[in-house]
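Nothing in this text is a laboratory measurement; each read-out follows from the coordinates by a stated rule. From a predicted model like this one, the values you see are computed outputs, not experimental measurements. For neighbour counting, all protein chains shown are included, and Cβ atoms are generated from backbone atoms with ideal geometry for every residue, glycine included.
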Amino acid sequence: MTEQVVIVGSGPAGHTAAIYTARANLKPILFEGFSKGGIPGGQLMTTTEVENFPGFPEGIDGQKLMEAIRRQSARFGTRLFTEDVAKVDLSKRPFLVASAEREIQTQSLIIATGATAKRLNLPGEKQLWNKGISACAVCDGALPVFRNKVLVVVGGGDSAAEEATFLTKFASKVYLVHRRDQLRASQIMQERVLKHPKIEVLWNTIVTDVRGKESVSAVQLQDVNNPQATRELACGGLFFAIGFTPNTELFQGQLKMEPDGYITTRPGSTHTSVPGVFACGDVQDKKYRQAVTAAGSGCMAALDCERWLNENESGLEKGSVP
Ligand code: NDP
């Protein structure tokens, strides 16, 4: 039997695509992944309080929000498989989507596999993750734990510049720790950082450890040009802004991608280079990366997919990708 639509990914993008395609009677299958300890749900599952998702004036715990979105998607009949997709074949239609447990043929595919924020893997990082360490200042920066504290941002790109500037609204001071003597960020973002009275850039410096009991209390710094020169900097929060890795390994060589691995979508839509394959959420978005924008693009993917299926109904049986 050939399915109408398979969705891969279980964050806000994947489940919003499922809610819309289920309500359009396309009977979606959603692979929610298993490898992260059997806890699907994407990056929201590693966030504490979400205060910027509309509809929750008091904020909502990231896991609770994801559980609610998942329940909504299941309520309309989405078939959820808690399995990792191991292989896809997009060279002909119907497409093949396979996990260790099953092989599915589908007329269309919605990719919502997200991106993973890079971490530094410091010795104290695991213990303090979500207790003063975050990879998203826009998501977490306004939390009470960071108010009026000295905060440290690591990185030198646009994300680091944006996050450092954003955090000045809440922090008493922001240190931007960068491993080189030059920022990679765009000129305008650099200027904002360098002129800001609350931001101090620590050039040629790396963070080698993070300390604290219940929450972050200090970072250990090292001078890149003089590795013997180490020092401790007292702070109440540590933010990583060292880039993201889009989760696109499965699709390498089968879809057009940007040089940094993000899936290329047609501007203003979720169509990929292969007709019938759509991408939404962080796997194709390096600019906004918010739960609400991911959900919005999941909706777009579902509508693009539904329209595409309607328009191509007569050609689907031929089994070849135009
Ligand atoms: P980038 O890859 O541009 O920058 C990552 C930064 O982290 C670099 O400065 C890099 O240092 C540093 N870094 C990487 N690994 C380590 C490490 N192990 N230790 C210390 N430092 C490290 O990622 P961004 O997320 O900043 O940006 C990604 C893309 O998204 C870019 O194209 C950017 O322009 C875009 N973007 C646009 C925004 C906007 O328009 N508003 C906002 C945010 C991002 P080094 O410089 O030495 O390599």
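Structure summary
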| item | result |
| --- | --- |
| Between 0 and 90°, nearest 10: helix 62-75 axis offset from the chain longest Cα axis | 10 degrees |
| Rounded tilt (10° steps) of 12-23 against the dominant C-alpha axis of the chain | 20 degrees |
| Charge dipole (the stretch 69-228, unit charges on Cβ, about Cα centre) - positive-most of ALA185, GLY114, THR78 | THR78 |
| Cβ-based exposure ranking for LEU194, LEU255, LEU30, LEU202, in which fewest neighbours within 10 Å come first | LEU194, LEU202, LEU255, LEU30 |
| For the chain: relative contact order, % (alpha-carbon pairs under 8 angstrom, 6 or more apart) | 21 percent |
| Length-normalised contact order for the stretch 159-228 - Cα pairs under 8 Å, 6+ apart - percent | 29 percent |
| Between 0 and 90°, nearest 10: helix 158-167 axis offset from the chain longest Cα axis | 60 degrees |
| Members of LYS118/LYS198; LYS64/LYS149; LYS87/LYS213; LYS126/LYS195; LYS64/LYS198 lying beyond 32 Å, as alpha-carbon distances in this model show | LYS87/LYS213; LYS126/LYS195; LYS64/LYS198 |
| Any cysteine of the chain lacking a neighbouring Cys Cβ under 4.7 Å - listed by number | CYS235, CYS280, CYS299, CYS305 |
| Options LEU143, PHE31, SER172, ranked by Cα towards positive dipole end of the chain, top entry (Cβ charges) | SER172 |
| Restricting the stretch 198-272 to GluC sites (Glu not before Pro) in coil, as DSSP defines it, with at most 10 other Cβ within 10 Å | GLU214 |
| Cα gyration tensor, the chain - rounded (a/c under 1.5), prolate or oblate | prolate |
| Sequence of ILE188, ILE263, ILE104 once ranked by neighbouring C-beta atoms within 10 Å, starting from the fewest | ILE188, ILE104, ILE263 |
| Electrostatic dipole magnitude of the stretch 26-117 [Cβ: Lys, Arg +1; Asp, Glu -1; Cα centre; debye, to 20] | 500 debye |
| Whole-number percent relative contact order across the stretch 1-120, with pairs defined as alpha carbons under 8 Å at least 6 apart | 35 percent |
| For the stretch 176-300, size of Cβ-based charge dipole, Lys and Arg +1, Asp and Glu -1, in debye | 260 debye |
| Test item: Cα-centred dipole of the chain, Lys/Arg +1 and Asp/Glu -1 on Cβ, debye | 400 debye |
| Most mobile listed residue (GLY212, GLY155, GLY14) in the chain, GNM with C-alpha springs under 10 Å | GLY212 |
| The chain: antiparallel DSSP beta bridges as a percent of all, rounded to 5 | 45 percent |
| The stretch 180-238 versus the stretch 98-174: alpha-carbon centroid distance in Å | 17 Å |
| Estimated 222 nm signal from helices in the chain, with DSSP H stretches of n ≥ 4 weighted -39500 (n - 2.57), rounded to 500 | -7000 deg cm²/dmol |
| Residue order, fewest to most beta carbons within 10 Å, for CYS280, CYS235 | CYS235, CYS280 |
